[in-house]
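Student: Got a structure for you, questions after.
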Amino acid sequence: MGVAGLLAFAGLASAAQGGWSFTNLHPTGFLASFGQGVQGSQQAGYARAAGGNSHAGIWSGSAASFIDLHPDGAVVSFCFGIADGQQAGESVLSVGGPFHAIVWEGSAESFVDLHPAGATSSSAWAVSGGKQAGQANINGEAHASLWSGSSASWVDLNPVGAPESVAMGVSGTTQVGIVRVGGSPHASLWTGTAASWVDLNPAGAADSTANGVSGAQIVGYAFKDGFNRASVWTGTAASWVDLKPATAGDSFGYGVFGGMQVGEAKVGGGAGGGVAHASLWSGTAVSWVDLHAFLPAGYSRSSARAIWSSGGTIYVAGFVHNTATNADEAALWTNSPACPGDFNGDDLVDDLDFVIFAAGYNILDCGDAGMPAGCPADLNADAFVDDADFVLFVAAYDALVCS
């Protein structure tokens, strides 16, 4: 069966969207907690300690597994991303000091200060393949920044003439974030230098933000026609795809992996209204899955910040608001599909999964530097996404309904 045959199946079945499980990651003794990143069996984020100071930390799938990354003597610390054994964030290392970009390798004592000479403050927002992306404030202005594990490795990505910029995501040789253009933030892409900057702001959008990147896909949001719209790009402004669900108000994209995007959508209100629901997409607005629907009673709002998929299982990290404690709490959603090929975990193998498979097909070798480990579309687990995987996908597609 070719691509045309696969696409002919569109609309033959309705999604069950089952198989999702929820884990509250909130560690004992903390006032609030927030999941910000996920890779494999680990989640990253931070928890607010008594007194209000936050501590960077990592989890391994349970609240009790929390490891405090807070550097000795630090005032406050935050972790925003995790990949390849490293965690990225920021910390105020001494009383009265500025924020410093930080990278860890799984323990508090492993921290490395990335703060570049001459900067007044700095932050690392993402990590991948030994690279860290973030910002350094130079002469009072934020400059998008790239590091390779040390302060001395700092690269200033701020385009010539731009008043300020921030790098929010990194994958392989690509960095994404925002550059302020004419007073408004524009979603932006770099490939390691300031001169490589590409403006991703969609035509007609007042402003936009790029929050994450995985392979060729970039996720974020754009303000257009009165709404913030969760968005996905593939490297140019013209490639912009609007992910805003038809029934939702504002929506925001925060994380991307393997052809899937996560974020939040405001449900039950128009522009500027509604309640935030953690959300998952597979590249189109109609693919929207409301992850809040899989929460038990007692949670009033939620947000998904990062996604990872390996061995057919989807992991989504974020946070929920617990109405009983009136606090935000770190959260993990997990889905192990009922059958191979169900990449988005909706208990169907259909065109939405084909879009994810097609995105993965461009990754010819999952072991290549910069490529995501455990490619979701690698159905036969040989570290390649090729015709052998396509045969397995077609077989699963013919079943249509997994359960």
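The values are calculated or read from the model by the stated rules, or taken from the named source; none is laboratory data. Quick caveat: nothing in here was measured; it's all calculated off a predicted structure. When we count neighbours, we look across all protein chains shown, and the Cβ atoms used for this are built from the backbone with ideal geometry, even at glycine.
Student: Take the residues of region 225-250 that are polar (S, T, N, Q) and part of a strand (DSSP E or B): which is nearest to residue 191 (Cα to Cα)?
Tutor: For region 225-250, the residue satisfying everything is 231.
Student: Take residue 60 and tell me if it is farther than 19 Å from residue 142 by Cα, more than 18 Å from the chain's Cα centre (by Cα) and not aliphatic (A, V, I, L, M).
Tutor: no
Student: Does residue 345 meet the test of being in contact with a Gly (Cβ under 7 Å, 6 or more places away or on another chain), under 13 Å from residue 260 (Cα atoms) and buried (at least 18 other Cβ atoms within 10 Å of the Cβ)?
Tutor: Criteria met by residue 345.
Condition check ((1) among the basic types (Lys, Arg); (2) touching an Asp or Glu at 6+ places or on another chain (Cβ under 7 Å); (3) surrounded by fewer than 24 Cβ atoms within 10 Å (Cβ to Cβ)) across all residues:
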| site | (1), (2), (3) |
| --- | --- |
| 131 | yes, no, no |
| 135 | no, no, no |
| 149 | no, no, yes |
| 160 | no, no, yes |
| 206 | no, no, yes |
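Rundown of residues vs (1) out of contact with any helix residue (DSSP H, G or I) (no Cβ under 9 Å at 6 or more places or on another chain); (2) farther than 22 Å from residue 290 by Cβ; (3) in contact (Cβ under 8 Å) with a residue 12 or more places away in the chain; (4) among the aromatic types (Phe, Trp, Tyr), yes/no style:
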site	(1), (2), (3), (4)
192	yes, yes, yes, no
199	no, yes, yes, no
203	no, yes, yes, no
212	yes, no, yes, no
237	yes, yes, yes, no
245	no, no, yes, no
249	yes, no, yes, no
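Residue-by-condition table, conditions (1) under 23 Å from the mean Cα position of the chain (by Cα); (2) more than 20 Å from residue 168 (Cβ to Cβ):
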{"position": "65", "(1), (2)": "yes, yes"}
{"position": "83", "(1), (2)": "yes, no"}
{"position": "95", "(1), (2)": "no, yes"}
{"position": "105", "(1), (2)": "yes, yes"}
{"position": "109", "(1), (2)": "no, yes"}
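Student: Same structure, new question: Quick one: how many residues across region 66-99 are in a strand (DSSP E or B) and β-branched (Val, Ile, Thr)?
Tutor: Residues that pass the stated criteria total 4.
Student: Go through (1) out of contact with any helix residue (DSSP H, G or I) (no Cβ under 8 Å at 6 or more places or on another chain); (2) crowded, with 24+ Cβ neighbours inside 10 Å; (3) over 25 Å from residue 323 (Cα atoms) one by one and return the number of the condition residue 86 breaks.
Tutor: (2)
Student: Then there's this: From 111, 22, 99, which residue is under 20 Å from residue 155 (Cβ atoms) and of a type outside the set (Gly, Ala, Ser)?
Tutor: Testing whether each residue is under 20 Å from residue 155 (Cβ atoms) and of a type outside the set (Gly, Ala, Ser) leaves just 99.
Student: When region 188-217 is examined, which residues are found to be closer than 21 Å to residue 359 by Cβ, within 20 Å of the chain's Cα centre (by Cα) and not aliphatic (A, V, I, L, M)?
Tutor: Across region 188-217, the qualifying residues are 191, 211, 212, 214, 215, 217.
Student: Return yes when residue 292 is without any contact (Cβ under 8 Å) to a residue 24 or more places away in the chain and on the phi < 0 side of the Ramachandran plot and no when it is not.
Tutor: When the stated conditions are applied, residue 292 does not pass them.
Student: List every residue pair whose Cβ atoms sit under 6 Å apart, with the two residues 6 or more apart in sequence or on different chains, where the first one lies in region 324-353 and is in a loop (DSSP other than H, G, I, E, B) and the second, anywhere, is surrounded by fewer than 24 Cβ atoms within 10 Å (Cβ to Cβ) and among the polar types (S, T, N, Q).
Tutor: As it stands, the answer is 336/313; 338/403; 346/17; 347/403, since those pairs meet every condition given.
Student: Which ones in region 185-204 are surrounded by fewer than 21 Cβ atoms within 10 Å (Cβ to Cβ) and either in a helix (DSSP H, G or I) or in contact with a Leu (Cβ under 6 Å, 6 or more places away or on another chain) (or both)?
Tutor: Scanning region 185-204 gives 194, 195, 196, 198.
Student: Do you know which residues across region 245-264 are within 15 Å of the chain's Cα centre (by Cα) and at pLDDT 95 or above?
Tutor: 251, 252, 253, 254, 255, 256, 261, 262, 263, 264
Student: Another question, then. What about residue 42, is it touching a residue at least 40 places away in the same chain (Cβ under 8 Å) and surrounded by 24 or more Cβ atoms within 10 Å (Cβ to Cβ)?
Tutor: No: the conditions fail for residue 42.
Student: Which of (1) under 16 Å from the mean Cα position of the chain (by Cα); (2) modelled with pLDDT under 95 does residue 175 not meet, given it meets every other one?
Tutor: Residue 175 satisfies every listed condition except (2).
Student: Give me the pairs, please: first residue somewhere in region 45-63 and over 13 Å from residue 29 (Cβ atoms), second residue anywhere and part of a helix (DSSP H, G or I), beta-carbon distance under 9 Å, and either six or more positions apart or on two chains.
Tutor: 56/108; 58/65; 59/65
Student: Wholly within region 108-167, which strands (runs of 3 or more DSSP E) include no fewer than the required count, namely at least 3 residues that are within 21 Å of residue 58 (Cα to Cα) and at pLDDT 95 or above?
Tutor: 121-128, 131-138
Student: Further, regarding this structure: Let me spell it out: the conditions are (1) out of contact with any His (no Cβ under 7 Å at 6 or more places or on another chain); (2) surrounded by fewer than 18 Cβ atoms within 10 Å (Cβ to Cβ), and residue 156 meets all of them except one. Which number is the exception?
Tutor: The number of the failed condition is (1).
Student: While we're on this one: Looking at region 309-328, which of the residues that are modelled with pLDDT of 95 or more and crowded, with 24+ Cβ neighbours inside 10 Å is farthest from the chain's Cα centre (by Cα)?
Tutor: The extreme case among them is 320.
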